[in-house]
Amino acid sequence: MAGMRVKHTKDKVTYSYSGDLKEAIEKAEKELREKEGTTTWLFLKWQYDNAKKALDTYNRRIKDLKGFIELAKEELKKMEKEAAGE
């Protein structure tokens, strides 16, 4: 029985196969046709896009809060100095 394997390392990808190469190619092409454009792929893509948007929004809010707090503390110090000077 033919088949293909893929090994991912830090810097490269290594492909190997067992059995008959022609049969391994045919099996890989069949699996590719089955996987491309399936509802599973579409669902995973939708999940990824929504999660990425949510994470970006969440991280932007954290950045905005930090920026506000920094500026607000500076402004509060100014206001307290002015109040103490009066």
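A search for C-beta distances below 6 Å between a residue of the range 12-41 that is within 21 Å of Met1 (Cβ to Cβ) and any residue that is modelled with pLDDT of 90 or more and in a helix (DSSP H, G or I), counting only pairs 6+ apart in sequence or on different chains, returns Tyr17/Ala24.
Taken as a whole, the condition of being within 30 Å of Glu31 (Cβ to Cβ), outside the structural domain of Glu31 (by TED's automatic domain parsing) and either modelled with pLDDT of 95 or more or assigned to a helix (DSSP H, G or I) (or both) does not apply to Tyr58.
The values are calculated or read from the model by the stated rules, or taken from the named source; none is laboratory data. Computed from a prediction, not measured in an experiment: that's the story for all the values here. Counting neighbours? That spans all protein chains shown, and the Cβs are built from the backbone with ideal geometry, glycine included.
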